[in-house]
Amino acid sequence: MTNFTTERLIELFSRFSSVRVVVLGDLMLDEYLWGDVRRISPEAPVPVVEIASESTGLGGAANVAHNISCLGAIPIPVGVIGEDSGGRKLLEKMEQTGISTLGVFVERSRPTTVKTRIIARHQHVVRADRETTRPVDDSIVRRISNFIAEEIKQVDALLIEDYNKGVITKSLLEQVIPLTEEKLCTVDPKFNNFFDFKRITLFKPNQEEVEAAFGIKIGTEAELLDVGRRLLDRLECEYVLLTRGAKGMSLFEAEGGMTSIPTVAREVFDVSGAGDTVIATLTVAMAAGATVKEAATLANHAAGAVVGQVGVVPVTREMIEDSIFNPPKPETRE
């Protein structure tokens, strides 16, 4: 893992404000119902949550864009919403946070993806999803492709965030990835389309996704190294960053070996949105001139900071700096 000097961190952070990133993917609205549990329902053996407050947040690719914005860079999110209250709330939330909505397209026949979480005493009780996962209409694919073809000329990177909600299709990838030959292109995949992200810069799956894609279980370091090399070869990409939860991250380079990056999380309250934070931080840092190892280290600290919060929380430069320079003190035994 890369060690940062204060000077190097300041140098990289100072470049973030000039970084522009197109974020292509599944836009979502996160809803939160906050309350308390004092009794069990007489109707079924489930808790009764007395709701005290409600809030909304940006989810999916919109959360990636929010993270990029909070890091001081400029996101241009591209995706689809429905013509419904969820879509209107999502647009309003994006506008409130100063994020562009020019790349948000409306498809009347589909609902906006909305994830409603009920949280009681900092515990995630249940989540309800309203969504469809069918591919977006061909007319929307053409509009998205045309929009990116114009925007790519004036940005530093294309970040693809796939949640398998229908925006990312093989047809769309075949149109937009070739546009990034001279640009940074990073991908956060899901189970579908997994091997369709060819000739990109960096591929960031998690271990569960990799194991499902190859039909294996990673149990040893040799198996981990093997799957990393197989991904590099099959996707013809430069880097693979495999996130492994409590085991940290493993970085594979086409021109090098494997680098293990241990987790720096102090406490884990909620892992929601941590993957969004990782890919956002990676992309902004690399676009700002960080080496891939520097970018992965920053992303690791960013993830460690946000999992200590309840709900989907974007990262800031201050949170990363605090994680780097104020690590938790090792426990001592009396």
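Amide H to amide H under 5 Å from Val264: which residues, 5+ apart in sequence or cross-chain, H placed 1.01 Å off N in plane? Long-range HN contacts for Val264: Gly304.
Only four residue types carry charge here, +1 at the Cβ of Lys and Arg and -1 at the Cβ of Asp and Glu. Report the dipole size of the chain about the Cα centre in Debye, rounded to the nearest 20.
Charge dipole, the chain, about its Cα centre: 300 debye, nearest 20.
Would you mind checking Lys115/Lys165; Lys204/Lys247; Lys170/Lys293 for any pair whose Cα atoms are more than 19 angstrom apart? In this structure, Lys170/Lys293 exceed 19 Å between Cα atoms.
In order along region 137-142, the phi-based Karplus estimate (6.51 cos²θ - 1.76 cosθ + 1.60, θ = phi - 60°) of 3J(HN,Hα) comes to 4, 4, 5, 5, 4, 5 Hz; Gly and Pro are listed as x. In region 164-209, what GluC sites (Glu not before Pro) fall in a loop by DSSP, with at most 16 other Cβ atoms inside 10 Å? For GluC sites (Glu not before Pro) across region 164-209 that sit outside H, G, I, E and B with at most 16 neighbouring Cβ atoms in 10 Å, the list reads Glu181, Glu182. For the pair Glu318 and Arg142, the difference between a 0.36 nm per residue extended length and the Cα-Cα distance amounts to 59.4 nm.
Net length available on complete extension from Arg39 to Lys89 is 14.8 nm, with 0.36 nm assigned per residue and the Cα-Cα distance removed. Rounded to the nearest whole Hz, the Karplus-based 3J(HN,Hα) values (6.51 cos²θ - 1.76 cosθ + 1.60, θ = phi - 60°) of region 205-222 follow the sequence x, 9, 5, 4, 5, 5, 5, 5, 5, 9, x, 9, 10, 8, x, 10, 5, 5, with x at glycine and proline. Projecting the Cα positions of Ile148, Pro135, Leu159 onto the charge dipole of region 123-163 (unit charges on Cβ atoms of Lys, Arg, Asp and Glu, taken about the Cα centre) puts Pro135 furthest along the positive direction. Database remark: amide H of Gly59 closer than 5 angstrom to the amide H of Met28, Leu29, Asp30 (H placed geometrically; neighbours at sequence offset of 5 or more, or on other chains; Pro and chain starts carry no H).
Between Ile216, Ile160, Ile99, which gets the highest mean-square fluctuation from a Gaussian network model of the chain, Cα cutoff 10 Å? For the chain, modelled as a Gaussian network with Cα springs under 10 Å, the answer is Ile216.
Averaging over all projection directions, the Cα-based convex hull of region 176-216 occupies 2.9 nm² in the image plane. Under a no-solvent Debye model with one identical scatterer per Cα of the chain, what's log10 I(q)/I(0) at q = 0.09 Å⁻¹? One equal scatterer on each Cα of the chain leads to -0.47.
If R0 equals 51 Å, the separation of the Cβ atoms of Ser109 and Arg234 corresponds to a calculated FRET efficiency of about 0.90.
All of the numbers you see were taken from the coordinates with simple rules; none came from a lab. In this text, all values refer to a predicted model and were calculated from it rather than measured experimentally. As a convention, Cβ positions derive from the backbone with ideal geometry for all residues, glycine included, and neighbour counts pool all protein chains shown.
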